Amino acid sequence: MRAILIPLVLAGLCQGAHAGDISSVYTDLDWEKDCVTYAQAAEGEGDWASLACSGYRGYPVLIGYDDARESLFYGFPSSDMTSVWESFSGLNTAGPRVEWRIETNGDVAIPFAVIHRREVSKPDGEDKPTQVLVVAKVAQPDTQQGCTVGLVLATGNPQANDQARKLADEKAKSFACGKDKRVLIGNPPDFGRVDN
């Protein structure tokens, strides 16, 4: 009897520790259609704006724009709506689609990471920008901790999407924003973080 019970108990424990199903959901990001500007520079005070955009099922996307550079924050920010500025040093723009990595347990589906393509201008003025997949942790309502987990060079890399998904699934949930070092796959352009 004991020989039968031990495997059953172990199987039950393993079942309880099993993570939920992980899948992808895609949303569009169109500044004119999906966003509202909640702050911007007055005339003569530079070229910056802060936008709040719709994301995945109530999870917002915040865009900080400053001098042709963008910083994006996915999920719920702190109550004062400030988030960390994270962007490439070169001129850059976010792609029109966001891939949300969702973990589903029963009826509960929680986005824990995003993968978002960015185009970064080259400093030497070449016509074709560098493509980078930004992997970011989604800020949850109870923690407001969201940040860039890693950068995957997509230009010339046919495995970039798979590498970004693997990175998101393995690192995003446990990534400590402001403490853990970002993961770089390939040699992406310079990227920095400024805490507000």
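Only the coordinates and a few stated rules stand behind these numbers; no lab work does. Everything numeric in this text was worked out from a predicted model, so none of it was measured. Cβ atoms come from the backbone with ideal geometry, glycine included; neighbour counts cover every protein chain shown.
With r defined as the distance between the Cβ atoms of Ser78 and Ser24 and R0 fixed at 30 Å, what FRET efficiency is calculated, to the nearest 0.05?
Working: r = 27 Å, r/R0 = 0.91.
Efficiency for this residue pair is about 0.65.
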### Task
Between Thr37 and Ala109, with labels modelled 7 Å along Cα→Cβ, what's the label distance in nm to one decimal, could you check?
3.4
### Inter-probe distance in nm under a simple model that places probes 7 Å from Cα toward Cβ, at Trp48 and Lys166
3.9
### Message
Rounding to the nearest 10 and keeping the result within 0 to 90°, find how far the Cα-based axis of helix 2-17 lies from the longest principal axis of the chain.
### Response
10
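Using square roots of five times the C-alpha gyration tensor eigenvalues, list the equivalent-ellipsoid semi-axes of the range 82-196 in whole Å, biggest first. Don't skip to the answer; put the middle values down first.
Numbers: eigenvalues 122, 55, 29 Å².
Rounded to whole Å, the semi-axes are 25, 17, 12.
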### Task
Considering only lysines 8 or more places apart in sequence, or on different chains, count the pairs in the range 21-189 whose C-alpha atoms sit under 21 Å apart.
10
### Query
So for the chain, what are the equivalent ellipsoid semi-axes in whole Å, largest first, each being the square root of 5 times an eigenvalue of the Cα gyration tensor?
35, 20, 14
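Tell me the relative contact order for the range 21-189 as a rounded percent, counting alpha carbon contacts under 8 Å between residues six or more apart. Numbers along the way, then the final one.
On the way: 384 pairs, mean separation 29.6, N = 169.
Answer for the range 21-189 is 18 percent.
Rank by packing, highest mean first: peptides 130-142, 181-193, with packing defined as the count of other Cβ atoms within 10 Å averaged across residues.
Highest to lowest by the protection proxy: 130-142, 181-193.
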### Cα long-axis angle, helix 160-171 against the chain (0 to 90 degrees, to the nearest 10)
60
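Given 0.36 nm per residue, what is the gain on full extension from Thr155 to Val183 after removing their alpha carbon distance, in nm? Let's see the in-between values first.
On the way: separation 28, 0.36 × 28 = 10.08 nm, distance 1.71 nm.
This chain segment gains 8.4 nm when fully extended.
Of all DSSP beta bridges in the chain, what percent run antiparallel (nearest 5)? Mind showing how you got there, number by number?
Details: 55 of 59 bridges.
Just about 95 percent of them are antiparallel.
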#### Entry: Total formal charge among the other residues, if their Cβ is under 12 angstrom from that of Ser87, Lys/Arg +1 and Asp/Glu -1
-2
